[in-house]
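Asker: One structure, pasted below without further comment.
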Amino acid sequence: MDQLKRINPRDNVLVVCKRLNEGDMLEIGGQQIVVSHALGLGHKVAAVALKAGDPVVKFGLPIGVATTAIAAGEHIHLHNMKSNFISTYTLDHEFIKNH
Amino acid sequence: MSSLKTIDLTGYLRKDGKKGIRNVVVIAYLVECARHVAGEIAGRFSGEPVHVIGFGGCYPNAYADKMMHALCTHANVGAVLLVSLGCESFNRNRLLTHIQESGRPAALVGIQAAGGTRKAIEEGVHFLGEVLRELSVTTTVAMHVSDLVVGVVCGGSDATSGITANPSAGHAFDLVVAAGGTTLFENTGEMIGLENIIAARAVDAPLGIAIKKTIDKASRYYQKMGHGSFAPGNAEGGLTTLEEKAIGAYFKTGTTPISGIIKPADAPPSHGLFLMDIVPDGDPLFGFPNPNDSSEIAELIASGAHTVLFTTGRGSVVGSAIAPVIKVCANPDTFLRMEDDMDINAGTTLSEGDTVEAVGEAIFEKIRDVARGESSCSERLGHQEFVLGYKTFEPAGPACLP
């Protein structure tokens, strides 16, 4: 099994199919990339470099936008992309700020 | 695989003509105040197919009324004991009459009328003892996949759900429909952004427009709630946005045309794939449409689902009262950790290179086996969750059922 999979040819993210550990080497777009932290199954890494505001495409469809520049091979998650629809709730959320 | 249409099952025949795959006695409390008595009665029949459902509210609600009517006359239900405190708003006599008119044995225990907790429990235990003897000789009848209604939900999703379990469940759904059966999917709150793709699968253009309106309604509703259908565990499992979760969730619907839109507790009028519109009509009144997975499962069962497929990546453990829940585990690591709770390991599409089609066939075969009486994991572990809250609905419009 490949470690990374592009689900749809239009995608600009790759999905982790085999757990990645810190220090693992990946080849993305002909570049050698060192994995900076462990990533579990299903997590996403950038297939190409993205600019802030670029759509993030998975399953051939936009799943949100990049909020900062993202390098090829970098982990894409809550820290560098957001929904076009509604903000994503995490346990870090402070209810008190809403009152 | 054996030819799908010739798969033989055996059903419990109800006097209203429904065919069930389980022979359950339901104990239904009609207000939270009666729940303890219902639970105590059920507790005397450990190991017997006695399931507790109920509605906790003391204020009347047409949706909850309709749900209880549908659930108490579900194909898998052979008899019902209603447990009332006595002063609640639920119309117990109308529900009792409805169940009795379906030909099912039914009785009502009123806690105030009986003289309190202890006497009400005694009355209930007496009825259950009699009715369980009666149900042990229920007529059985030949049943086929074309008689089955199968629902699907996902819960505790992670980023493997949309690549492994959901497309596999979708393939199983296609096989059920190909065999002449009926499939139900729901949670329009997880279809936001996919309106056009889903509408394109409608059997005709007006239904496509109705599907778009249904998903627009969900979008407006969740915006007002200020929170989409997304839990912290979804993000820990690699899902980042509601859109991403939605697309992955959509694959569990398979590829067949969509035959219509139903509301919770409506029976699908024909075979094929139906979308259940779970988001209340009108302004938000009672909070989140379905506050948890169990309330989604209850609605699918109220619309006739004999069994419900439940795909999970993080590892949900819930089952349900009335109908067996079949767990399809998306994540191979979760499967290894929680194997006792999982009926199918769809994660082998990642870990072993199995195809989605092969796992879909295994799910279909599991549906057949569970329909033949094999316990699903959640049944074996005693899970009988049930949640029913307040909602408001208008009837489905004419375009919804072409």
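The values are calculated or read from the model by the stated rules, or taken from the named source; none is laboratory data. What you are looking at is a predicted structure, and each value in this text was computed from that prediction instead of being measured. Note that we place each Cβ from the backbone using ideal geometry, even for glycine, and neighbour counts take in every protein chain shown. In case anyone asks, the SASA skips ligands and DNA or RNA and just uses the protein heavy atoms, side chains included. Shrake-Rupley method; radii C 1.70, N 1.55, O 1.52, S 1.80 Å.
Asker: Can you tell me which residues in region A:31-61 are under 14 Å from the mean Cα position of the chain (by Cα), hydrophobic (A, V, I, L, M, F, W, C) and more than 14 Å from chain B (Cβ to nearest Cβ)?
Answerer: A:Val35, A:Ala47, A:Val48, A:Ala49, A:Ala52 - these are the residues of region A:31-61 that are under 14 Å from the mean Cα position of the chain (by Cα), hydrophobic (A, V, I, L, M, F, W, C) and more than 14 Å from chain B (Cβ to nearest Cβ).
Asker: So, restricting to helices (runs of 4 or more DSSP H) that lie completely within region B:334-402, which ones have at least 3 residues that are closer than 23 Å to B:Glu236 by Cβ?
Answerer: Values: elements: B:348-351, B:356-371, B:377-380.
Qualifying helices (runs of 4 or more DSSP H): B:348-351.
Asker: Is it the case that B:Asp216 is of a type in the set (D, E, K, R) and modelled with pLDDT under 95?
Answerer: Here the answer is yes, as B:Asp216 does meet what is asked.
Asker: For B:Val50, are the conditions met, namely being within 19 Å of B:Glu299 (Cα to Cα) and either surrounded by fewer than 24 Cβ atoms within 10 Å (Cβ to Cβ) or touching a residue at least 40 places away in the same chain (Cβ under 8 Å) (or both)? Full working, then the answer.
Answerer: Numbers: within 19 Å of B:Glu299 (Cα to Cα): no; either surrounded by fewer than 24 Cβ atoms within 10 Å (Cβ to Cβ) or touching a residue at least 40 places away in the same chain (Cβ under 8 Å) (or both): yes.
For B:Val50, the condition - within 19 Å of B:Glu299 (Cα to Cα) and either surrounded by fewer than 24 Cβ atoms within 10 Å (Cβ to Cβ) or touching a residue at least 40 places away in the same chain (Cβ under 8 Å) (or both) - is not met.
Asker: Continuing with the same structure: Select, from A:Ile70, A:Ile76, A:Ile7, A:Ile28, the only residue that is more than 9 Å from every other protein chain (Cβ to nearest Cβ), in contact (Cβ under 8 Å) with a residue 40 or more places away in the chain and in contact with a Leu (Cβ under 9 Å, 6 or more places away or on another chain). Let's see the steps before the verdict.
Answerer: Working: A:Ile70 fails: in contact (Cβ under 8 Å) with a residue 40 or more places away in the chain; A:Ile76 fails: more than 9 Å from every other protein chain (Cβ to nearest Cβ); A:Ile7 fails: more than 9 Å from every other protein chain (Cβ to nearest Cβ).
One residue alone meets the criteria, A:Ile28.
Asker: Please determine whether any residue of region B:313-332 is under 21 Å from B:Val176 (Cβ atoms), in contact (Cβ under 8 Å) with a residue 40 or more places away in the chain and of a type in the set (S, T, N, Q).
Answerer: To start, the set of residues in region B:313-332 that are under 21 Å from B:Val176 (Cβ atoms) comprises B:319-320, B:322-330.
Cutting the leftovers down to in contact (Cβ under 8 Å) with a residue 40 or more places away in the chain gives us B:319-320, B:322-330.
Then keep just the ones that are of a type in the set (S, T, N, Q); that gives B:320.
Yes, that holds for at least one residue.
Asker: Additional query: Looking only at region B:223-238, decide whether some residue is touching a residue at least 12 places away in the same chain (Cβ under 8 Å) and in contact with a His (Cβ under 8 Å, 6 or more places away or on another chain).
Answerer: yes
Asker: Here are B:Gly180, B:Gly238, B:Gly228: which of them is within 14 Å of chain A (Cβ to nearest Cβ), modelled with pLDDT of 90 or more and open to solvent by less than 50 Å² (accessible area, probe 1.4 Å)?
Answerer: Numbers: B:Gly180 fails: within 14 Å of chain A (Cβ to nearest Cβ); B:Gly228 fails: modelled with pLDDT of 90 or more.
Unique residue meeting the criteria: B:Gly238.
Asker: Would it be correct to say that B:Ile297 is modelled with pLDDT of 95 or more and either on the phi > 0 side of the Ramachandran plot or open to solvent by less than 20 Å² (accessible area, probe 1.4 Å) (or both)? Give the steps one after another, and end with the answer.
Answerer: Numbers: modelled with pLDDT of 95 or more: yes; either on the phi > 0 side of the Ramachandran plot or open to solvent by less than 20 Å² (accessible area, probe 1.4 Å) (or both): yes.
Considered against the rule, which asks whether it is modelled with pLDDT of 95 or more and either on the phi > 0 side of the Ramachandran plot or open to solvent by less than 20 Å² (accessible area, probe 1.4 Å) (or both), B:Ile297 comes out as yes.
Asker: State all residues of region B:59-79 that are out of contact with any Gly (no Cβ under 8 Å at 6 or more places or on another chain) and either open to solvent by 60 Å² or more (accessible area, probe 1.4 Å) or farther than 24 Å from B:Asn290 by Cβ (or both); if no residue qualifies, say none.
Answerer: B:Tyr59, B:Pro60, B:Ala62, B:Lys66, B:Ala79
Asker: What's the number of the condition B:Thr188 fails, among (1) within 11 Å of chain A (Cβ to nearest Cβ); (2) modelled with pLDDT under 95; (3) open to solvent by less than 10 Å² (accessible area, probe 1.4 Å)?
Answerer: It is condition (1) that B:Thr188 fails.
Asker: Another question about this same structure. Could you check region B:90-140 for helices (runs of 4 or more DSSP H) lying wholly inside it with 3 or more residues that are at pLDDT 95 or above and crowded, with 18+ Cβ neighbours inside 10 Å?
Answerer: Details: elements: B:92-101, B:111-114, B:117-135.
Answer list for region B:90-140: B:92-101, B:117-135.
Asker: Only residues that are open to solvent by 20 Å² or more (accessible area, probe 1.4 Å) and either within 7 Å of another protein chain (Cβ to nearest Cβ) or among the basic types (Lys, Arg) (or both): list them for region B:209-222, please.
Answerer: B:Lys212, B:Lys213, B:Lys217, B:Arg220
Asker: Give region B:183-212 a look and list any residue that's small (Gly, Ala, Ser) and under 21 Å from A:Ser83 (Cβ atoms), or say none.
Answerer: Hits for region B:183-212 are B:Gly189, B:Gly193.
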